[in-house]
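K.L.:
There's a structure below that I have some questions on.
The values are calculated or read from the model by the stated rules, or taken from the named source; none is laboratory data. Owing to the predicted nature of the structure, the values given are computational and were not obtained by experimental measurement. We place every Cβ from the backbone using ideal geometry, glycine too, and count neighbours over all the protein chains shown. Quick note on the areas: whole protein, heavy atoms, side chains included, nothing else; ligands and nucleic acids left out. Shrake-Rupley method; radii C 1.70, N 1.55, O 1.52, S 1.80 Å.
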Amino acid sequence: MDGAAALGYYAGLADRSRQPAADLDRKFAERLALVRPFLRPGARVLEIGCADGGFGERVKAACDLRYEGVEPSRDAEAAAARLDRVWRAPLAEVDDGVYDVVLAFHVIEHVPDLAALLGEIRGRLAPGGVLVAEVPHEAGHPLLDADPHPEHVHSFTSASLAAALRRADLTVTRLAIGGFESPLYPDGLRVIARPSVSAAERRAALVERFRRIAGPTGLVIYGLGGDFRGWVAPYLDALPDVVLIDGDPARAGERVAGHPIALPEALAAEAGRPVLVASYRFEAEIRARLLELGVAPARIYGLADVYGPDAEAAGAPSRAAAPRV
């Protein structure tokens, strides 16, 4: 069945979400827990295959946001009474801008042109937006060898789904099996994906993290061993006003990316500048040495302040009054 025939087929169907209330509640509760981290007041959400809008209604009750749906079947009429807008047209014809969250629960396996669908989803995601999707994992049931549903034109493993998303310029950030759709499909493959970030964009994001630490005064980098070479040196050319310091007297005067290496005594002339400890393995020892040299604890940063999960927050990192040792 080609795309046009598939659309016509689904347009005549109704009551697609019918299942026992207990199963529906379980499914919706799991899905709400999955999407809740991405919900915020004022966000725009698009659910592809929203059925009668039952899940969207629960999401709207949990957060004050705009929720739209795409539903080719006659269930769109019920969904329109629950959601902010419902489209009965193909996703390619949805022209209401971009969305912070796009949802697709047990939809992707139905669509003949997988590449086109995923490309359209990618085009509907706002910068920083997220796709939350679920498909049957292989057969959808661990005791079945093949998916018996006649409408399912694709079968996915975690590897094949991730590869399809990657081809659509979407990067998987989380993937798990075991999502509950029904007793017939208790093994759903749940995926969270975001628009892929180019190498240039990743580099720019890292440079910005270094610059937030450096602030207006520039940056002192202490400890120029292997961690420095791998995690700091590649970005020196983008960091203005950098001072390099190492405790090895043999390295004094050596130049790295045009910057001369100084000995720890040079710290006295750099009072007020933040100091980045460029060693993960020996951070505690270097911090202790910096404290002995009179560097204030609030001036000392580590590689975790650049690469750690909390480093993504906007603004300069805050420093505790006590040293972290």
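K.L.:
Quick one: pull the percentage of alpha-carbon pairs in the chain with a separation above 32 Å.
P.N.:
Result for the distance tail: 46 percent.
K.L.:
Counting Lys and Arg as +1 and Asp and Glu as -1, each charge on the Cβ, what is the dipole of region 117-276 about the Cα centre in debye, to the nearest 20?
P.N.:
500 debye
K.L.:
Per 10 Å bin, what percent of the C-alpha pairs of region 1-140 does each bin hold, from zero upward?
P.N.:
Percent of pairs per bin, in order: 11, 45, 37, 7, 0.
K.L.:
Same structure again: Over all directions, how big on average is the projection of the convex hull of the alpha-carbon atoms in region 99-251, in square nanometres?
P.N.:
The orientation-averaged projected area of the Cα hull of region 99-251 comes to 13.0 nm².
K.L.:
Which one of 86, 193, 163 has its Cα pushed farthest toward the positive end of the charge dipole of the chain, where Lys and Arg give +1 and Asp and Glu give -1 at the Cβ?
P.N.:
Positive-most Cα among the choices belongs to 193.
K.L.:
From the Cα trace of region 137-204, what convex hull volume per residue do you get, rounded to a whole Å³?
P.N.:
So the per-residue hull volume is 91 Å³.
K.L.:
Tell me, how many Å apart are the Cα centres for region 164-205 and for region 24-88?
P.N.:
Centre-to-centre distance over Cα atoms comes out at 20 Å.
K.L.:
Per residue, what accessible area does region 28-84 have, given a 1.4 Å probe and all protein chains present, in Å²?
P.N.:
Result: 41 Å² of accessible area for each residue.
K.L.:
I've got another one for you. For region 209-293, what is the largest minus smallest coordinate of the Cα atoms on each principal axis, given in angstrom and ordered from greatest to least?
P.N.:
Principal extents (largest minus smallest coordinate, Cα): 29, 25, 24 Å.
K.L.:
Here is a follow-up. Can you pull the one-decimal nm distance between simple spin-label points at residue 81 and residue 163, each 7 Å off the Cα toward Cβ?
P.N.:
Spacing of the two 7 Å Cα→Cβ label points: 4.6 nm.
K.L.:
Further, regarding this structure: With a 1.4 Å probe and every protein chain left in place, tell me how much accessible area residue 286 has, in Å² to the nearest 10.
P.N.:
Surface open to solvent at residue 286 totals about 20 Å².
K.L.:
Please find the FRET efficiency linking residue 149 to residue 207, where r is the Cβ-Cβ separation and R0 is fixed at 45 Å, and quote it to the nearest 0.05.
P.N.:
Result of the calculation: an efficiency of 0.40.
K.L.:
Follow-up question, since we're still on this one. Rounded, prolate or oblate: which fits region 92-137 when a ≥ b ≥ c are the square roots of the eigenvalues of the alpha-carbon gyration tensor, with rounded for a/c under 1.5 and prolate only if a/b beats b/c?
P.N.:
Note, shape of region 92-137 comes out oblate.
K.L.:
I need the P(r) histogram for region 43-105: all alpha carbon pairs, bin width 5 Å from 0 out to the longest distance, whole percents.
P.N.:
4, 21, 35, 26, 12, 2
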